[in-house]
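The values are calculated or read from the model by the stated rules, or taken from the named source; none is laboratory data. What you see is a predicted model, and the numbers here were worked out from it, not measured in a lab. Using ideal geometry, Cβ is built from the backbone for each residue, glycine included, and neighbour counts are taken over all protein chains shown.
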Amino acid sequence: MRASMRPLRLLRFFALLQLAACASIPVPVPGQFAAHVAMPKGLPELAPCVLIGERTNRPLLFGMSTLSFATWHQVIAAIVIRHPKGVIVIDAPFSKATARDLGREPLSFRLAFGDARTKKATAPLLAAAGIEPRSVTWALITHAHWDHTGGLRELPFAQVLLSEREVEWTRSMPEASPILMLWNLQGAASRIAPFKFDGGPYEGFAESHDVLGDGSIVAVPLPGHTPGSTGYFVNSGTGRRWLFAGDASWTMEGIRRPALKNPLLRAIVDEDEEATARTLGLLHALSKDRPDIVIVPSHDLDGMVGIPPCAARASANGTAETPKG
Ligand SMILES: [Zn+2]
């Protein structure tokens, strides 16, 4: 009995520590929300699917500023969109080199993020879903952290799109930044195409960038977690819309309340806590004002309801579609 109580006591201790560390950073929520953006005519029908690289159940208080022990279904995942112009992935978490990558990091990092045994490389997951990794045309990166870029080396022909601010920030960072594992981006250096937010206000965000020029994929800045963190709106011709929001919040519940990340962890992972709070306020306001737009944080399976696991598409004769290489 005593032994079984111990983990609970530990969790309670952690919760009290969290409460004590709860610096009161306000989340400013805009009262007046921006005019809605009219969707362009003739958008392609898009149906994002998800490849889960790792799934871990944790108490919610690990993911956000709360004392709740409800389960956070944490995932590390890639989103795939079969667009008529090419195959898109949003983030590429792991590769077969992830074990070696983790081996280069301090023990504390491995204790926090686990080892490679539970992590699935993005490229084989793509192949299992009938998508040849060499056929991926664009990798849209929400931010440069290791769990969003580790699979880029195995997508050899993907142009890697991320905001210019993020690229500049990574250049200012020391080579040995465990959370960045900069060699992921360096290994794809010739394929990196940084973009500017050149498109004006968009759905409450001050700036935007129309990624493919057809209004189907629109990037918006979500600064704070990292300076150049980016969210990607995906607008389907069916009328369905999503905003893939990276790590601005780790949990859906964090956007709903709104509540920042766990205060002990955010002090480590969020570059600018006040900017993160402003971004979270915008996401919260968007979730209230626009229930038609599904906001998807990178690391919460509960935010991916309605986004199916990627699977091979059956062709007319019932066999799996031959991937184009
Ligand atoms: Zn992440």
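Find the residue count for segment 44-75, including only residues that are within 16 Å of the ligand (Cβ to nearest atom), part of a strand (DSSP E or B), out of contact with any Asp or Glu (no Cβ under 9 Å at 6 or more places or on another chain) and not aliphatic (A, V, I, L, M). Full working, then the answer.
Step one: list which residues in segment 44-75 are within 16 Å of the ligand (Cβ to nearest atom), which gives 50-56, 58, 62-64, 72-75.
From what is left, the residues that are part of a strand (DSSP E or B) are 50-56, 58, 72-75.
The next check asks that each one be out of contact with any Asp or Glu (no Cβ under 9 Å at 6 or more places or on another chain); those that pass are 50-52, 55-56, 58.
With not aliphatic (A, V, I, L, M) added as a condition, the list becomes 55-56, 58.
Residues meeting the conditions: 3.
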Worksheet item: For P263, all conditions in the list (1) out of contact with any Leu (no Cβ under 8 Å at 6 or more places or on another chain); (2) surrounded by fewer than 19 Cβ atoms within 10 Å (Cβ to Cβ); (3) at pLDDT below 95 hold save one; what is the number of the exception?
Response: (2)
Response to the item:
Every listed condition ((1) modelled with pLDDT under 95; (2) crowded, with 24+ Cβ neighbours inside 10 Å) holds for I141 save (1)
Item to complete: Return the residue satisfying two criteria in turn: it lies in segment 236-255 and is of a type in the set (G, A, S) and within 16 Å of the ligand (Cβ to nearest atom), and of such residues it is farthest from S177 (Cα to Cα).
Response: G254
Worksheet item: Can you pull out the residues in segment 139-161 that are within 19 Å of the chain's Cα centre (by Cα) and more than 14 Å from the ligand (Cβ to nearest atom)?
Response: A139, L140, L152, R153, E154, L155, A158, Q159, V160, L161
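Any residue that is in contact with a Cys (Cβ under 7 Å, 6 or more places away or on another chain), modelled with pLDDT of 80 or more and at negative phi - is there at least one of those in segment 27-50? Steps first, answer last, please.
Quick first cut of segment 27-50, residues in contact with a Cys (Cβ under 7 Å, 6 or more places away or on another chain) only: 49-50.
Adding the requirement that they be modelled with pLDDT of 80 or more leaves 49-50.
Keeping just the survivors that are at negative phi gives 49-50.
Yes, that holds for at least one residue.
Quick one: how many residues across segment 279-294 are farther than 15 Å from V50 by Cβ and either within 16 Å of the ligand (Cβ to nearest atom) or crowded, with 19+ Cβ neighbours inside 10 Å (or both)?
Within segment 279-294, the first condition is being farther than 15 Å from V50 by Cβ, and the residues that meet it are 279-293.
If we keep only those that are either within 16 Å of the ligand (Cβ to nearest atom) or crowded, with 19+ Cβ neighbours inside 10 Å (or both) too, we end up with 279-280, 282-286.
Number satisfying all stated conditions: 7.
With the requirement that a residue be aliphatic (A, V, I, L, M) and farther than 13 Å from S298 by Cα, what does segment 44-63 give you? Step through it out loud before you land on a result.
Within segment 44-63, the subset aliphatic (A, V, I, L, M) is 46-47, 50-52, 60-61.
Within segment 44-63, L46, A47, L60, L61 meet the criteria.
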Practice prompt. Report, by residue number, each residue of segment 67-100 that is buried (at least 21 other Cβ atoms within 10 Å of the Cβ) and out of contact with any strand residue (DSSP E or B) (no Cβ under 8 Å at 6 or more places or on another chain).
Written response: S95, T98
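Checking the conditions here, which among A112, A123 is more than 18 Å from the chain's Cα centre (by Cα) and either in contact (Cβ under 8 Å) with a residue 12 or more places away in the chain or surrounded by fewer than 16 Cβ atoms within 10 Å (Cβ to Cβ) (or both)?
Numbers: A123 fails: more than 18 Å from the chain's Cα centre (by Cα).
Being more than 18 Å from the chain's Cα centre (by Cα) and either in contact (Cβ under 8 Å) with a residue 12 or more places away in the chain or surrounded by fewer than 16 Cβ atoms within 10 Å (Cβ to Cβ) (or both) holds for just one of A112, A123, which is A112.
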Worksheet item: Does Q186 fit the bill of being in contact with a strand residue (DSSP E or B) (Cβ under 9 Å, 6 or more places away or on another chain) and of a type outside the set (D, E, K, R)?
Response: no
Worksheet item: Before we move on, is L180 surrounded by fewer than 23 Cβ atoms within 10 Å (Cβ to Cβ) and within 13 Å of the ligand (Cβ to nearest atom)?
Response: yes
Practice prompt. Scan (1) more than 16 Å from the ligand (Cβ to nearest atom); (2) modelled with pLDDT under 95 for the single condition D210 breaks and write down its number.
Written response: (2)
Worksheet item: P258 versus (1) within 16 Å of the ligand (Cβ to nearest atom); (2) in contact with a His (Cβ under 7 Å, 6 or more places away or on another chain): which is the lone unmet condition?
Response: (1)
Worksheet entry | Residue list for segment 285-299, restricted to those being in a helix (DSSP H, G or I) and among the small types (G, A, S) | A285, S287
